[in-house]
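The values are calculated or read from the model by the stated rules, or taken from the named source; none is laboratory data. Computed from a prediction, not measured in an experiment: that's the story for all the values here. Virtual Cβ from ideal backbone geometry, glycine too; neighbours counted across all protein chains shown.
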């Protein structure tokens, strides 16, 4: 039978280690039917569409293994501070947004960088200058802190006598008065008062995000926060609405949120949520466990204490949001029910606690095909690196973070013990140890563009930054980085007929505007997506 579509005269990266170079791919009924050279063109018939790749690169669709798509899409419609580290530009955008939306009760949005403010702590007085009459709540770019004005603090009743929550911190002046920054769980002291985002706004955000992600070559993803609690927004209704009406064109795995204020009694609820949220292109077989915070606000769980601004050791080694002993029991039970476990593990102590929990599950249940994965992995202790392969654990890389920039150089490295600072984002060590690699963005924390992340994975530097490579011995070669973002993430997502270009697999494909393997490594980020196909159907064309 003739093919519906033939893509030819290009370079084909199949992400299939058993196959050599190819130039041509044929598709029929939404699946790949042939991969090879000129002989594949013989499958052309009178109605076959032929796309001349003209030397460009064809590869499997990218899959983001850790993203917050609805959250990102909603934020695109709010006060957007991303893309700059200029304080005056922040204030200009905030004032302009407030002026353009005089009817809003609260000014919300975010994307600001901690490096802009002394010690990473923003002041409420700056916001008071541009929005004195309405409360302002702006999340920083890593979504682990918020910047608020005096009106917001007043409405929330926060003052010098307000205690810090167990899982967060109110940034304060020397006299104890809140300065304007809220870290981790302290964010909820104000966030709980925000006007609720409506179901219609969440659905619009998802569809807005889907269009953006398709334009970047992303054909599937794992949303790392479905049915969230602990003050985070529940976006599950948007996915259900899109999945049940056919508007969800991507395949999405929803990682059900583990409520850290509850214990094993929530597992029956998770089982019910898994059934409810498995419909159409949506499935919910994963559970997200957030184990710690982030390094720049000293809440990532480390094996050694943070240093202070003078370089002296403190007593703070970060936070474990879930008791490590209880974690082993929870993960063992989840694994027994066939759940994948998806961990936020940023510090090396959090990584170890996750691996210990998976080891306990493996010992109790045997090696089930649950494909656990650890996201972020900013610091990994050398003794834990070989445990990933031994336990069958995937390293879920957010490669864009592995670079020198002010937040890393001014707010992270000086406050880590040197041994910890030298172990950051050890992608190369994990790969050499035989670890299975997947990749994601954590958007809207940072850019959702896979090509930007691949650039950093290869170069260990942001494009055009002028910084020298960050721990360059931990870099990945181009093929390995692309495989992580395609076949690697497909494995994590249990999408076993995607992620590679081979006969019988779904025709989720991406055409770039150039052949990356003929492009200097320093120019990878300059590439762009020419077209994206899902099941052989065009969902984006540049």
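A few remarks follow.
- Flag for residue 335 being modelled with pLDDT of 95 or more and assigned to a helix (DSSP H, G or I): yes
- Annotation note: of 387, 368, the sole residue that is on the phi < 0 side of the Ramachandran plot, touching a helix residue (DSSP H, G or I) at 6+ places or on another chain (Cβ under 9 Å) and part of a loop (DSSP other than H, G, I, E, B) is 368.
- Among the residues listed as 532, 447, the single one being within 30 Å of residue 138 (Cα to Cα) and either assigned by TED's automatic domain parsing to the domain that holds residue 23 or surrounded by fewer than 22 Cβ atoms within 10 Å (Cβ to Cβ) (or both): 447
- Filtered residues of segment 57-78 (kept if modelled with pLDDT of 95 or more and touching a strand residue (DSSP E or B) at 6+ places or on another chain (Cβ under 6 Å)): 57, 58, 59, 61, 62, 63, 64, 65, 66, 67, 68, 69
- Residues located in segment 184-197, provided they are assigned to a helix (DSSP H, G or I) and either surrounded by 23 or more Cβ atoms within 10 Å (Cβ to Cβ) or touching a strand residue (DSSP E or B) at 6+ places or on another chain (Cβ under 7 Å) (or both): 185, 186, 187, 189, 190, 191
- Whether a residue is surrounded by fewer than 16 Cβ atoms within 10 Å (Cβ to Cβ) and touching a residue at least 60 places away in the same chain (Cβ under 8 Å) was assessed, and residue 163 does not pass this test.
- Checked against (1) assigned by TED's automatic domain parsing to the domain that holds residue 32; (2) over 24 Å from residue 251 (Cβ atoms); (3) surrounded by fewer than 16 Cβ atoms within 10 Å (Cβ to Cβ); (4) touching a residue at least 12 places away in the same chain (Cβ under 8 Å), residue 537 passes all but a single condition, namely (2).
- Filtering segment 321-332 to residues that are in contact (Cβ under 8 Å) with a residue 60 or more places away in the chain and either in a helix (DSSP H, G or I) or outside the structural domain of residue 292 (by TED's automatic domain parsing) (or both) leaves 326, 329, 330.
- Hits in segment 353-368 - residues which are without any contact (Cβ under 8 Å) to a residue 12 or more places away in the chain and under 21 Å from residue 491 (Cα atoms): 366
- The residues listed here are 494, 455, 436; of these, the one that is in contact (Cβ under 8 Å) with a residue 60 or more places away in the chain, crowded, with 19+ Cβ neighbours inside 10 Å and within 22 Å of residue 61 (Cα to Cα) is 455.
- Listed conditions (1) outside the structural domain of residue 388 (by TED's automatic domain parsing); (2) touching a helix residue (DSSP H, G or I) at 6+ places or on another chain (Cβ under 6 Å); (3) more than 25 Å from residue 394 (Cβ to Cβ) are all met by residue 514, apart from (2).
- Scan of segment 342-365 for residues that are in a helix (DSSP H, G or I) and within 15 Å of residue 304 (Cα to Cα), ordered by number: 348, 349, 350, 351, 352, 353
Residues checked against (1) assigned by TED's automatic domain parsing to the domain that holds residue 350; (2) surrounded by 24 or more Cβ atoms within 10 Å (Cβ to Cβ); (3) under 14 Å from residue 525 (Cβ atoms); (4) without any contact (Cβ under 8 Å) to a residue 60 or more places away in the chain:
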position	(1), (2), (3), (4)
391	yes, no, no, yes
413	yes, no, no, yes
423	yes, no, no, no
431	yes, no, no, yes
440	yes, yes, no, no
443	yes, yes, no, no
